[in-house]
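Peer 1: I have a structure here, written as structure tokens, and I will follow up with some questions on it.
What follows draws every value from the coordinates through simple rules; no lab data is involved. Source: prediction; values computed, not measured. Using ideal geometry, Cβ is built from the backbone for each residue, glycine included, and neighbour counts are taken over all protein chains shown.
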Number of protein chains: 2
Amino acid sequence: MQRNLKITLVSLAAGIIGFAATVARAQEPLPSWNDGPAKQAILEFVTATTTQGGPQFVPPEARIATFDQDGTLWVEHPMYTQVMYCLERVPALVKSKPELAKVAPFNTVLELLHGDRAAMEKLTLADIEKIAIATLTGMSVETFQVEARQWLAEAKHPRWKKPYTELTYLPMQEVLKYLRANGYKTYIVTGGGQDFVRVYAEQTYGVPPEQVVGTALGTKYGYTKDGKPFLTKEPKLVLNDNDAGKPEGIHLMIGRRPHIAFGNSTGDQQMLEYTKAGDGARLSLLVLHDDAEREYAYGPAEGLPDTKVGTFTQALYDEAKKNGWTVISMKNDWKVIFSFESK
Amino acid sequence: MQRNLKITLVSLAAGIIGFAATVARAQEPLPSWNDGPAKQAILEFVTATTTQGGPQFVPPEARIATFDQDGTLWVEHPMYTQVMYCLERVPALVKSKPELAKVAPFNTVLELLHGDRAAMEKLTLADIEKIAIATLTGMSVETFQVEARQWLAEAKHPRWKKPYTELTYLPMQEVLKYLRANGYKTYIVTGGGQDFVRVYAEQTYGVPPEQVVGTALGTKYGYTKDGKPFLTKEPKLVLNDNDAGKPEGIHLMIGRRPHIAFGNSTGDQQMLEYTKAGDGARLSLLVLHDDAEREYAYGPAEGLPDTKVGTFTQALYDEAKKNGWTVISMKNDWKVIFSFESK
């Protein structure tokens, strides 16, 4: 029996080794990334922080990774998805409150949606805020979720004619999965609305609601007529999760400093500084949109066209280079941008 | 070979079954609980929500459990631990700012700490707030963590003469572990300070910082002279995590409704209502301090002595009974209260 068992075990072991090799090939990390300094920096960081006994080992509970969303995980041009949501909710809003049809800025939005693109220029930041408050507050948390989910299922990006949730960057989806496979907890830390992003983050990125940190409005606890409690979304800003608000929001919601953080614009600068200033191995990265053909090109860093949506200034670029942050070139570092390209 | 292998497999299987039975005995859940309706309610809830294909099955990602801390997970009498912290930080504060030694309420605290117990009566809620702001804000997040950690290592509870972190309830520690072993994410949702509880929650309860929701003050991002970024704790209330603030805080920080929630006072009422109002299996529980001998007895529910610290009113008791919440009697439901008792 012993000899037979030995043979069985040997062939079993050979099978396991063969299987493991197959799995390793199948799971080669970051397949949509070209070999280069950005891919190498990520791979080296993960190896260093997960090598038990190594000088840069990070215990699993401290493995926190944070990602900006707009322009870092998915397309933000020509306009942030959530702003499109607020604008496209206006017709339903006007239907329930017809008196708004002739009131600015709601009338301007109606013109815009009827094809008058010049109307967009008329909208000020104060107008956008007014529209945001009218479309994002005053309803129960559950009603908002239903409305946002429905819009996301139907709305299409003007260029690709695809749902916004399909316009995530495949290389970044791979980074999310690769970090999670190595024990990192992946957080979204976005200037976008926390409740909005939570509606799709789990399905779209594998990031659960409790790992979405975003610009947050308050809620108010109350009861229905028959005594059932519910939360109403209020026009009260609890967290402005942009600029210095990002490290402040990270402290509020996570309570630990990230070991790795990804951004793409000046709104991410403080998060990347804060990450990099921690002890031990820390990696800060910026996605540079330098691929007009496959996606968009904007900066104004490195002579790219200027933009108000996701600005990446030369000063930010210089800070990155000075402090050892990694700048990811969409054009050079990414083999493909979207998963539908590779099909 | 086949027959031999079969024998091997059979004996292996027998071994596994024997081992599994041993593990099951060793891991019998909630050993510090007496058999009774409270223990039964918890066991039945967990079985129902984790039985795949069952009518009350809850998918793992939705398994959220929330726990009040003071009076639910650890002793809150004669005074909340964090209030003791703030009071006992006053000498160090006065040392760095000697002008405070003769200024109210700091002089009153010094008298109190020098043994004048009557001085406690002089302190108003406004005084406590003033002391809290002076001892909890104005320093970096890291400095606060060092100060709190040091105090926790040295401070002793006046009755048991043990560190506060040893005065957690063993039956509740078992519930935390039991729920986690069944795929629940366990959160602390406390009226206490979020940053304070985070200092010890991971070691004391196995609850990481990102799963502590508490009363939260804001922070402010800034730079040291040599350009290193840091966060300063500010006297700005971001979340008052009591009463209606608990469900509001749960929405802000977790974004999902708990399936099971534990509290012990009127400050937990809204969290328990909100939990119970969700769809499917939901369980709300209240710890009743009815054991003057082993811990404390206070209500004023059910004729227990009244208290300002962790008030459990008769109205709350009646609401619990009316709505099918479970009231846990410390006296009848818990075999032991503290882990040091059973040694």
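Peer 1: Once you average over the residues of B:204-213, how many Cβ atoms of partner chains fall within 10 Å of each Cβ?
Peer 2: 3
Peer 1: How far, in nm to one decimal, is A:Arg149 from itself in the other copies if the label point is set 7 angstrom along Cα toward Cβ? Shortest first, please.
Peer 2: With the label placed 7 Å along Cα→Cβ, A:Arg149 yields 4.3 nm.
Peer 1: Using 7 Å Cα-to-Cβ label points, what is the A:Arg117/B:Glu99 separation (nm, one decimal)?
Peer 2: My value for the distance between the label points is 6.3 nm.
Peer 1: I'd like the projected area of chain A, averaged over all directions, using the convex hull of its alpha carbons. Report it in nm² with one decimal.
Peer 2: That works out to 24.0 nm², a quarter of the Cα hull's surface.
Peer 1: How large is the charge dipole for the stretch A:259-303, taken about the Cα centre, if only the Cβ atoms of Lys, Arg (+1) and Asp, Glu (-1) carry charge, to the nearest 20 debye? Don't jump to the answer; show the numbers that get you there.
Peer 2: Values: 3 positive and 8 negative charges, 45 e Å.
My answer is approximately 220 debye.
Peer 1: List the residues, sorted by chain then number, that are 5 or more residues from B:Gly138 or on another chain and whose placed amide H is less than 5 Å from its amide H.
Peer 2: B:Lys233, B:Glu234
Peer 1: Would you work out the relative contact order for chain B, in percent, from Cα pairs under 8 angstrom that are 6 or more residues apart? Intermediate results must be reported in sequence, preceding the final value.
Peer 2: Values: 526 pairs, mean separation 68.9, N = 343.
Worked out over chain B, it gives 20 percent.
Peer 1: Could you work out Rg/(2.2 N^0.38 Å) for the stretch B:193-246, with Rg from alpha carbons only? Display every interim value, and only then the final one.
Peer 2: Values: Rg = 13.6 Å, N = 54, 2.2 N^0.38 = 10.0 Å.
Taking the Cα Rg and dividing by 2.2 N^0.38 Å, one obtains 1.36.
Peer 1: Which shape class applies to the stretch A:167-283: rounded if a/c is under 1.5, otherwise prolate when a/b exceeds b/c and oblate if not, where a ≥ b ≥ c are the square roots of the Cα gyration tensor eigenvalues? Can you show the working numbers first?
Peer 2: Values: a/c = 2.25, a/b = 1.63, b/c = 1.38.
Prolate, since a/c reaches 1.5 and a/b exceeds b/c.
Peer 1: Given the DSSP H assignment, sum -39500 (n - 2.57) over each helix run of at least 4 residues in chain A and divide by its residue total; what's the result at 222 nm in deg cm²/dmol, nearest 500?
Peer 2: On the way: 14 runs with 147 residues, N = 343.
Dividing the helical sum by the residues of chain A leaves -13000 deg cm²/dmol.
Peer 1: Mind giving me the FRET efficiency for B:Gln52 and A:Glu154? R0 is 30 Å, r the Cβ-Cβ distance, nearest 0.05 is fine. Mind showing how you got there, number by number?
Peer 2: Numbers: r = 33 Å, r/R0 = 1.11.
Calculated transfer efficiency: 0.35.
Peer 1: Same structure, new question: What ranking of A:Tyr223, B:Tyr200 emerges when the number of other C-beta atoms within 10 Å of each C-beta is taken as an exposure proxy, fewest first? Can you show the working numbers first?
Peer 2: Working: A:Tyr223 12, B:Tyr200 20.
Taking fewest neighbouring Cβ atoms as first place, the list is A:Tyr223, B:Tyr200.
Peer 1: Moving on to the next point. Picking from B:Ile337, B:Gln69, A:Ile254, whose Cα lies most toward the positive end of the charge dipole for the protein assembly as shown (charges on Cβ: Lys, Arg +1; Asp, Glu -1)?
Peer 2: Working it through, the farthest residue towards the positive pole turns out to be B:Ile337.
Peer 1: With springs only between Cα atoms under 10 Å apart, run a GNM on chain A and tell me which of A:His114, A:His157, A:His251 wobbles the most.
Peer 2: Per the Cα network of chain A with a 10 Å cutoff, A:His114 tops the list.
Peer 1: For helix B:194-205, what angle does its Cα long axis make with the longest principal axis of chain B, in degrees from 0 to 90 and rounded to 10?
Peer 2: 40
Peer 1: Dipole of chain B, Cα-centred, from +1 at each Lys and Arg C-beta and -1 at each Asp and Glu C-beta, to the nearest 20 debye? Mind showing how you got there, number by number?
Peer 2: Values: 38 positive and 40 negative charges, 217 e Å.
Here the size comes out at about 1040 debye.
Peer 1: I've got another one for you. Distance between the C-alpha centers of the stretch A:66-115 and the stretch A:143-196? Whole Å please.
Peer 2: One Cα centre to the other: 18 Å.
Peer 1: Run the label-point distances for A:Glu28 please: 7 Å along Cα to Cβ, every other copy, nanometres, shortest first.
Peer 2: Spacings between copies for this position, smallest first, are 5.5 nm.
Peer 1: Taking the Cα centre as origin and putting +1 on Lys and Arg beta-carbons and -1 on Asp and Glu beta-carbons, what dipole magnitude results for the protein assembly as shown, to the nearest 20 debye? List each step's numbers first, then the result.
Peer 2: Working: 76 positive and 80 negative charges, 321 e Å.
My answer is approximately 1540 debye.
Peer 1: Here's something else I'd like to know. Please arrange B:Val94, A:Val197 by how many other C-beta atoms lie within 10 Å of their C-beta, fewest to most. Don't skip to the answer; put the middle values down first.
Peer 2: Working: B:Val94 19, A:Val197 26.
Ordered by Cβ neighbours within 10 Å, fewest first: B:Val94, A:Val197.
Peer 1: Using only the Cα atoms of the protein assembly as shown, what are the Rg and Dmax in Å?
Peer 2: 28.1, 90
Peer 1: Something else: Ranked by Cβ crowding within 10 angstrom, fewest neighbours first, how are B:Ile254, A:Ile188, B:Ile128 ordered? Before the final figure, lay out each step's value.
Peer 2: Numbers: B:Ile254 21, A:Ile188 24, B:Ile128 16.
With the fewest neighbours first, B:Ile254, A:Ile188, B:Ile128 line up as B:Ile128, B:Ile254, A:Ile188.
Peer 1: Report the residue, chosen from B:Leu87, B:Leu110, B:Leu125, that carries the largest GNM mean-square fluctuation when chain B is represented by alpha-carbon nodes joined by springs under 10 Å.
Peer 2: B:Leu125
Peer 1: Kindly give the distances from A:Ala118 to its copy-mates, label point to label point, with each label point 7 Å from Cα along Cα→Cβ, as nm values to one decimal ordered shortest first.
Peer 2: 8.3
Peer 1: Give me the inter-chain shielding for A:225-237: mean count of other chain Cβ atoms within 10 Å, whole number please. Write down the numbers at each step before the final one.
Peer 2: Numbers: counts 0, 0, 3, 3, 11, 3, 8, 0, 1, 1, 0, 0, 0.
The shielding value for this peptide is 2.
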